[in-house]
Amino acid sequence: MKLRSTAAAVAIAATATMGLAACGGEEAPKAKDAWNASQESAGKYKSMEIKGSGKSSGKPANVNVKGDVDGDPQTFGGELEGGKMEAVLVGNKAYIKGDSTYWKSLSGGSSATSAMASLMADKWVASPNNDAGSADDTLKSLVKELKDDNNESNKKLLSDKATVTEDKVDGKDAWKIESEDKKVTAWVSKEDTRDVLKVEGWEAKNSSSSSNDQMTTVTFVSHDKDYGIKAPSGAKKMTDLIKG
């Protein structure tokens, strides 16, 4: 009898606690405080993985970028120019693999360059230059812009008129920050670090991209991980591909 009574008491207490939690909720932070914390956290990331979607030359585009924020090592891949491609930047060298559609989109359409595109299709091609150039700036530039309070999108998220509501991103509890004009939205984790989880409508300050060439959504998959990036085996030089 005592055991049954205790069980009943626990059940009643649990039900009451659940009721209080459901009624009380969690007080939302101010948009400025939440986004400022996210900017600070993003500036400390050593490595990241992001997924972006939008358009490239007016065609649907999807990309996945991961690696060190400083750029080496780093991988970049997805659907661009109507084709599929992968790139690996490691040891200050670049390696690219694309399907025939991707290479042909870069060839200009001449018969000679189209023939080259067919030779390179679905093979890892080593860049003729040892320097990966500006190709490794993707994550670094993104973090720099996220931290810039003069960025127009950031101004909207830091505004007192931006709203904050509860939401979820890939199962993670989040605060959804929405600009007054509803054009920019950011999701940040409910954790004290306020890690950036996702942004929509956010643009780089100096972006000159048209609506036919821009990423409209970016999801921040993970950060501060060792992604185990290595140079692909069997990469060929373009001169070797021409020789056959």
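The values are calculated or read from the model by the stated rules, or taken from the named source; none is laboratory data. None of these values were measured; they are calculated from a predicted model. Methodologically, a virtual Cβ is constructed for each residue, glycine included, from the backbone with ideal geometry; neighbour enumeration extends over all protein chains shown. We work out accessible area using only protein heavy atoms, side chains counted, and drop any ligands, DNA or RNA first. Shrake-Rupley method; radii C 1.70, N 1.55, O 1.52, S 1.80 Å.
The figures follow:
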{"read-out": "Pair list, Cβ < 6 Å and 6+ apart or interchain, from segment 39-67 residues that are of a type in the set (Ser, Thr, Tyr) to residues that are in a strand (DSSP E or B)", "value": "45/223; 47/68; 53/62; 53/217; 56/80"}
{"read-out": "Considering residues of segment 5-61 that are at pLDDT 80 or above, assigned to a helix (DSSP H, G or I) and not hydrophobic (A, V, I, L, M, F, W, C) only, the residue farthest from residue 156 (Cα to Cα)", "value": "41"}
{"read-out": "Restricting segment 67-110 to residues that are within 20 Å of the chain's Cα centre (by Cα) and open to solvent by 60 Å² or more (accessible area, probe 1.4 Å), the residue that is nearest to residue 41 (Cα to Cα)", "value": "70"}
{"read-out": "Residue 190 vs. criteria buried (at least 21 other Cβ atoms within 10 Å of the Cβ), at pLDDT 95 or above and over 18 Å from the mean Cα position of the chain (by Cα)", "value": "no"}
{"read-out": "Qualifying residues in segment 62-92 (those that are within 18 Å of residue 218 (Cα to Cα), among the hydrophobic types (A, V, I, L, M, F, W, C) and part of a strand (DSSP E or B)) - the one modelled with the highest pLDDT", "value": "65"}
{"read-out": "Test for residue 132: is it more than 30 Å from residue 185 (Cα to Cα), modelled with pLDDT under 85 and either among the basic types (Lys, Arg) or surrounded by fewer than 19 Cβ atoms within 10 Å (Cβ to Cβ) (or both)", "value": "no"}
